[in-house]
1. Measuring from label point to label point, each 7 Å out along Cα→Cβ, what is the Arg105 to Trp182 span in nm?
2. Amide H to amide H, which residues 5 or more places from Val174 or on other chains are under 5 Å from it, using H placed in the peptide plane?
3. At each listed q (0.12, 0.18 Å⁻¹), what is the log10 of I(q)/I(0) that the Debye formula gives for the stretch 9-62 modelled as equal alpha-carbon point scatterers?
4. 7 Å from Cα along Cα→Cβ at both Thr112 and Ser89: what's the point-to-point distance in nm?
5. Using a 7 Å offset from the Cα along the Cα-to-Cβ direction at both Ala153 and Glu41, what is the distance between the two label points in nm, to one decimal?
6. Hey, got the Cα dimensions of the stretch 80-188 along the principal axes, in Å, largest first?
7. Taking 0.36 nm per intervening residue step and subtracting the Cα-Cα distance, what contour gain separates Arg162 from Thr51 on full extension?
Amino acid sequence: MTMLPSRVGESAGLRASHADRDRVVDILSGAAGDGRLTAEELDERVGAALTARTLGELAALTADLPVVAGEGPVAEAKDVVRIEQEGASTRRGDGWVVPRRMEIRSAWGEVTLDLTRAVITHDTLHIDLDMRAGALRIETRPGIVVDTDALVASYAEVKIARAVDTGTPVVLRVRVTGGISWGQVVVRSPRRGFRRKA
């Protein structure tokens, strides 16, 4: 199969995550259902997607296919994302692109970061937290490790679900620093019914 030019620019050399591969397989399956790919082409490209190491390799597999909004193989990740709020709640859910760094300034509110189906293009995420009377909730999946050892807690609770060794390679290390007072940080795994998209 002739590999087509990458659409992801400077991100092409970054390592692909399981979520990235799953997203491309979904796009390929949809294209086959629309008659854009033959069964043979689908088998060939799905095999290549499941063994792809970089984002550039994945992008080449869908470069000649229309991309549905929100379902591109990989979106560009920002270096820094800032969340500033007071008396409000913020949630990052399915398909959000994880940056290298987050600066969270929150009072009397909650911030939820759902990493279970996030787009992960970096191997680390540094969260600089300044939170008063609120909660930071981080939802993880196998392959994501959260470190709160450098977080300063004052009249606050830090709860991390016990990690279960599933043999899954680590794809993202999250380091939470800064401080929280009169609140809580909760790190939890998906509910038992959670499944990665096949």
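1. Label-label distance for Arg105 and Trp182, simple model: 1.9 nm.
2. Leu125, Val145, Val146, Asp147
3. These q points yield log10 I(q)/I(0) values of -0.24, -0.52.
4. 0.6 nm
5. For the pair Ala153/Glu41, the computed spacing is 5.4 nm.
6. Rounded to whole Å, the extents work out to 37, 25, 19 Å.
7. Details: separation 111, 0.36 × 111 = 39.96 nm, distance 3.03 nm.
Result for the pair: 36.9 nm of gain on full extension.
Just so you know, all these numbers are worked out from the coordinates, no wet-lab data involved. All values derive from a computational prediction rather than experimental measurement. Here Cβ is always computed from backbone atoms with ideal geometry, including for glycine, and neighbour counts include all displayed protein chains.
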